[in-house]
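Read the structure below first, then the notes.
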């Protein structure tokens, strides 16, 4: 049932989803941080006669030939202490990757649904598609099909709001809280996570795409901003969403941490709230 509270209901659904993902992120952090500590403790407790400190920890993979039935055991490369720590951090990072991708996709669902609502109530933000064949239908499914994402989502809807809503254009970009810049980065990171496993094979091209969507920003600022979210891992550029210590003006660590994931979650919710407010205020 679509009623006057629809926008609020959709916003609260998104808020609950991202809040839940934030809890998952905090839980994952605790798990992997405990594992990091456990790896060190186990390594320190190895007896003197054990050569595991030097040779590393072995693991084995078993498989059977489909044609002969012969069983084979593959002995992996041994994992030394540094290897185990790297693997643990990589698993933590991959978890963060997919939590961010899921949060972004929840936002996409939100904007598609609220834009469909604009069509249902015929407010001025909705543009009738060229192949529209439903007249002034009051059936929501004619405006929203969850199986087929609308072409151009979410940039098309955001551009309409940017052009036609004073409220949206006033609050989307502010000094110290540029929602548009962060959102464009999130969208590009999500694409790399889903389609390339979190690794960028063309960082220069990525920075060019982001800069083309952020007209008015300096090339230098965009490039340094994007670079700050990548780390070199075994020769490739990997999206880095891990927490890192905050330093004071002279390079001393002060006990706090930067948390990119918390900032990205917050941006998605704040962007959604701005969209909801703009439809309510300027969509009549």
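Where a number appears in this text, it was derived from the coordinates with a stated rule and is not lab data. Because the structure is predicted, anything quoted here is derived from the model rather than measured. Heads up, the Cβs are rebuilt from the backbone with ideal geometry, glycines too, and the neighbour counts pull from every protein chain shown.
Laid out as a table, the results:
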| read-out | value |
| --- | --- |
| Highest average packing first - 159-169, 100-110, 41-51, Cβ atoms within 10 Å | 100-110, 159-169, 41-51 |
| Separation between Cα centres of region 103-125 and region 179-201, rounded to whole Å | 22 Å |
| Cα convex hull volume per residue for region 182-271 (Å³) | 134 Å³ |
| Whole-percent pair-distance distribution, where bins are 5 Å wide, for the alpha carbons of the chain | 1, 4, 9, 12, 14, 13, 12, 9, 7, 6, 4, 4, 3, 1, 0, 0, 0 |
| Geometric extent, Cα atoms of region 122-213 - Rg, Dmax (angstrom) | 16.8, 47 |
| Nearest-0.05 FRET efficiency for residue 20 and residue 231, computed from C-beta distance (R0 25 Å) | 0.35 |
| Gyration tensor (Cα) of region 6-110, equivalent ellipsoid semi-axes in angstrom | 40, 23, 9 |
| FRET efficiency, 1/(1 + (r/R0)^6) with R0 41 Å, evaluated for residue 37 and residue 217 via beta carbons | 0.50 |
| Spin-label model distance (nm) - residue 159 vs residue 145, 7 Å beyond Cα toward Cβ | 2.2 nm |
| Computed FRET value (nearest 0.05) for residue 128 with residue 3, which takes r as the C-beta separation and R₀ as 25 Å | 0.65 |
| Pair residue 30, residue 173: separation of 7 Å Cα→Cβ label points (nm) | 4.1 nm |
